[in-house]
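The values are calculated or read from the model by the stated rules, or taken from the named source; none is laboratory data. What you see is a predicted model, and the numbers here were worked out from it, not measured in a lab. Don't worry about glycine lacking a Cβ; one is built from the backbone with ideal geometry, like all the others, and counts go over all protein chains shown.
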Amino acid sequence: MSLHLSKTVALVGMMGAGKTAVGTALAERLGVQFVDSDAEIVAASSLSIAEIFERHGEAYFRSKEAQVLRRLLDGPGKILSTGGGAFLSPENRAAIATYGVAVWLRADVDLLWSRVRHKSSRPLLRTADPLGTLREINEQRAPSYAEAGMIVDSDAGLSVAQMAAKVEGVLKTRDDLWTGGAEE
């Protein structure tokens, strides 16, 4: 029996939740394409995310992000890593729900902080109290993330491969995400 992903799986959650790392491993496990919306924005603009924020502001970035998400949701089922703020937009949540499924990689602030504290590529954490800012952003975003169709808790004790297997296991509980079978 051979199952094929029939919808795009959009990984949502905070910076540091593992969307790109887990998404890459998950796509490899499932034999589907992996795309990262932030990487696509960077490629299209020839600017880093931080440079886009600095030069054009967050509203401009969010507009471009929405355009890229709509494009990436088109086509065959794939694994899509979204930027941390992408799922805050009601339009983006609706597009993902219509053309795919959202999976919230939920992680506690301590785990997120351990993963992002040494990275300078996080424009929203360029504050006097980056840990406090991270905690505040997480609290603000959690209600939007909770609207994801599926939730998988991140675990610091699991490797990327183990987290990918955990997400795959949750995905396989949804019959509407798969096509194929013994007759193929």
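Couple of notes before you dig in:
- Hits in the stretch 120-144 (condition: of a type in the set (D, E) and either touching a Ser or Thr at 6+ places or on another chain (Cβ under 7 Å) or modelled with pLDDT of 90 or more (or both)): E136, E139
- Within the stretch 56-115, the set of residues being of a type in the set (S, T, Y) and under 13 Å from M15 (Cα atoms) comprises S81, T82, S114.
- Test: G16 is modelled with pLDDT under 95 and within 23 Å of L158 (Cβ to Cβ): yes
- Residue that is surrounded by the most Cβ atoms within 10 Å (Cβ to Cβ), among those in the stretch 6-45 that are farther than 20 Å from W178 by Cβ and charged (D, E, K, R): K19
- Those strands (runs of 3 or more DSSP E) lying entirely in the stretch 1-79 with at least 1 residues among the basic types (K, R) and either more than 18 Å from A95 (Cβ to Cβ) or in contact (Cβ under 8 Å) with a residue 40 or more places away in the chain (or both): none
- Those residues of the stretch 157-171 which are at pLDDT below 95 and farther than 18 Å from L111 by Cβ, in sequence order: none
- Scanning the stretch 56-94 for residues that are aromatic (F, W, Y) and closer than 16 Å to S144 by Cα gives a single hit, F87.
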